[in-house]
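The values are calculated or read from the model by the stated rules, or taken from the named source; none is laboratory data. Small disclaimer: the values here were computed from a predicted structure and weren't measured. Every residue, glycine as well, gets a Cβ built from its backbone with ideal geometry; the counts of neighbours run over all protein chains shown.
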Amino acid sequence: MTEKRRALVTGAASGIGRAIAERLDEAGHDVLSVDLASAADGPGVAFEADLTTPEGNRDSVAEAVVRFGGLDLLVPCAGFQHVASVAEFPEERWDSLIGVLLTSPFLLAKYAWPHLEEAGNGQVIVIASVHGLVASPFKAGYVSAKHGVVGLTKVLALEGAEYGIRAVALCPGYVRTPLVEGQIPAQAAAHGMDEDSVLKEVILAPHAVKELIEPSEVADAVDFLLTPAGRTITGVALPMDMGWSAR
Ligand code: NAD
């Protein structure tokens, strides 16, 4: 096992965050699983917070520090998507996308910073997206926030270097989560295609490799970054996108 960490994972009630929190918990790390919904049946210690508010972020960090006596690892993963044209994009959805995908990682890092410094080997692993590197139409809020969080990650890495703090933004393509799987039947009906064809030809059109990524594979990447082999990787946006951003 890698050195024991005291971790805070957001979005831990579902999908990728849940897979990461479970993996960390199974490996014997301390895990605070933060989400809107109670993740009471989920991994580690569940904590309910709305990460679009400053208190939600401050209280989450404070809870981890009280429970575990410090904080070594921050994994901001909470998020959602909103699909609409720029002209139609609801302004309150823009604000909440920026709030949860960009401001929350900033506030978590800000509040956790003294504890990460104290740890001496602190890490921030942001679950960004290939949409932190490239754009798609109708996703103005999401793409803007994800590009922003890639920039934030680079600043954290530069400011953290002298304290042994490293920061990485993982950038997955399409991951098999309820959000993505839930779109398949409707897209199949809309395109008059079977579900397998709609997955490969419509949803996975930007992937060079026409396969979904598993949430456990994102947890694998987090695992790797925690090992000594991941030591050199900081200040980068790491694509794990089945060749999407190669185009
Ligand atoms: P998911 O919907 O399964 O999980 C997201 C979790 O975030 C939910 O449990 C939700 O309750 C929580 N959340 C949302 N708003 C919150 C708030 N204000 N406060 C606290 N918690 C909140 O989604 P997922 O697919 O696992 O996505 C997780 C992260 O991975 C997101 O940041 C997403 O952008 C990113 N991502 C997903 C994919 C994909 O294909 N699924 C690809 C690349 C990146």
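Would you call Ala157 exposed (fewer than 13 other Cβ atoms within 10 Å of the Cβ) and away from the ligand (no atom under 12 Å from the Cβ)?
The answer is no for Ala157.
Of the residues Val180, Val175, which single one is at pLDDT below 90 and closer than 30 Å to Leu226 by Cα?
Going through Val180, Val175 in turn, just one is at pLDDT below 90 and closer than 30 Å to Leu226 by Cα: Val180.
Among the residues of segment 74-90, is there at least one that is in the same structural domain as Ala119 (by TED's automatic domain parsing), assigned to a helix (DSSP H, G or I) and of a type in the set (A, V, I, L, M)?
For segment 74-90, residues in the same structural domain as Ala119 (by TED's automatic domain parsing), assigned to a helix (DSSP H, G or I) and of a type in the set (A, V, I, L, M): absent.
Just name the residue that is farthest from the ligand (Cβ to nearest atom) out of those in segment 6-33 that are in a strand (DSSP E or B) and not basic (Lys, Arg).
Among residues in segment 6-33 that are in a strand (DSSP E or B) and not basic (Lys, Arg), the one farthest from the ligand (Cβ to nearest atom) is Asp30.
Can you confirm whether segment 46-69 contains a residue that is acidic (Asp, Glu), in the same structural domain as Gly164 (by TED's automatic domain parsing) and crowded, with 24+ Cβ neighbours inside 10 Å?
Within segment 46-69, not a single residue is acidic (Asp, Glu), in the same structural domain as Gly164 (by TED's automatic domain parsing) and crowded, with 24+ Cβ neighbours inside 10 Å.
Please determine, by comparing only the residues of segment 5-42 that are at pLDDT 95 or above and more than 19 Å from Pro105 (Cβ to Cβ), which one is surrounded by the most Cβ atoms within 10 Å (Cβ to Cβ).
So the residue we want is His29.
If you go through segment 198-244 one residue at a time, how many are among the hydroxyl-bearing types (Ser, Thr, Tyr) and crowded, with 17+ Cβ neighbours inside 10 Å?
Total meeting the criteria: 1.
So that you can scan it fast, the table gives a plain yes or no per residue for (1) in a loop (DSSP other than H, G, I, E, B); (2) within 13 Å of Pro172 (Cα to Cα); (3) in contact with a Phe, Trp or Tyr (Cβ under 7 Å, 6 or more places away or on another chain):
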| position | (1), (2), (3) |
| --- | --- |
| Asp196 | no, no, no |
| Leu199 | no, no, no |
| Ala205 | yes, no, no |
| Lys210 | yes, no, no |
| Val222 | no, yes, no |
| Leu225 | no, no, no |
| Thr234 | yes, no, no |
| Pro239 | no, yes, no |
| Ser245 | no, yes, no |
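Residues in segment 163-175: is at least one part of a helix (DSSP H, G or I) and either surrounded by fewer than 21 Cβ atoms within 10 Å (Cβ to Cβ) or of a type outside the set (Val, Ile, Thr) (or both)?
Yes, segment 163-175 has at least one match.
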